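The values are calculated or read from the model by the stated rules, or taken from the named source; none is laboratory data. The structure displayed is predicted, hence computed values, not measured ones. Ideal geometry is used to build each Cβ from the backbone, glycine not excepted, and the neighbour counts take in all protein chains shown. Surface accessibility is based on the protein's heavy atoms, side chains included, excluding ligands, DNA and RNA. Shrake-Rupley method; radii C 1.70, N 1.55, O 1.52, S 1.80 Å.
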Amino acid sequence: MTERVADAMGTETAAAQLKERLYATITMISVVIGLAGSGHVDALGAAATVVTASVGLWLAALVADQQAHRVTHGALARGRELRAMLYVSSPLLLSAVGPLVLVGVSALGAMGLETALLTAAGVNVATLFAWGCYGGIRMGGGTVFALLAGAIDAAIGTAVAVVKAAAGH
């Protein structure tokens, strides 16, 4: 399926979108770990922070993309170029979905908020592992290479979480 999507929109656009997805995942790990470590947030505040971080990053990406387009092309991006920008940056919004679902589960009393936030971070680290494995498989390196690539990506996400937690944010 990924190959058909990449063919339809171009591999460069698909690669840029995946890059944003990985960036958004790592960023959201930092956000939810910071929230979990704060101890001063309720479910509504956590949800607002996750949404604000996600929307803020998305808007910043769009502004940067438009600025770059204006500088290099002398005009605002419109039509196909604007749709490509919106598509590429969409993971910055989608990165909030998992944490928001878990915060919602917490608000319903099914789990504690800190547990929900730490679970969101864990799911995001697992997602990085899965993307790393998939990339390793696509490169044709075999199972061991795919697992190594996944482990490296997961280690990056884990390092972000550890640094954030150690900083006490």
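What number of residues within segment 141-169 are among the β-branched types (Val, Ile, Thr) and either crowded, with 19+ Cβ neighbours inside 10 Å or in contact (Cβ under 8 Å) with a residue 24 or more places away in the chain (or both)? If you could, list the steps in order and put the result at the bottom.
The initial filter retains those residues of segment 141-169 that are among the β-branched types (Val, Ile, Thr), namely 143-144, 152, 156, 158, 160, 162-163.
Within this subset, residues satisfying the condition of being either crowded, with 19+ Cβ neighbours inside 10 Å or in contact (Cβ under 8 Å) with a residue 24 or more places away in the chain (or both) are 156, 158, 160.
Summing the residues that are among the β-branched types (Val, Ile, Thr) and either crowded, with 19+ Cβ neighbours inside 10 Å or in contact (Cβ under 8 Å) with a residue 24 or more places away in the chain (or both) in segment 141-169 gives 3.
Of the helices (runs of 4 or more DSSP H) entirely within segment 28-140, those holding at least 2 residues that are open to solvent by 40 Å² or more (accessible area, probe 1.4 Å), more than 19 Å from Leu18 (Cβ to Cβ) and in contact (Cβ under 8 Å) with a residue 24 or more places away in the chain occupy 43-73, 97-107, 113-138.
What about Gln17, is it open to solvent by less than 80 Å² (accessible area, probe 1.4 Å), farther than 30 Å from Thr119 by Cα and touching a residue at least 12 places away in the same chain (Cβ under 8 Å)?
Considered against the rule, which asks whether it is open to solvent by less than 80 Å² (accessible area, probe 1.4 Å), farther than 30 Å from Thr119 by Cα and touching a residue at least 12 places away in the same chain (Cβ under 8 Å), Gln17 comes out as no.
Of the residues in segment 6-19, at least one is among the hydroxyl-bearing types (Ser, Thr, Tyr) and either under 21 Å from the mean Cα position of the chain (by Cα) or under 23 Å from Cys133 (Cβ atoms) (or both). Here Tyr23 meets the list (1) crowded, with 19+ Cβ neighbours inside 10 Å; (2) closer than 23 Å to Val163 by Cα; (3) aromatic (Phe, Trp, Tyr) almost entirely, failing just condition (1).
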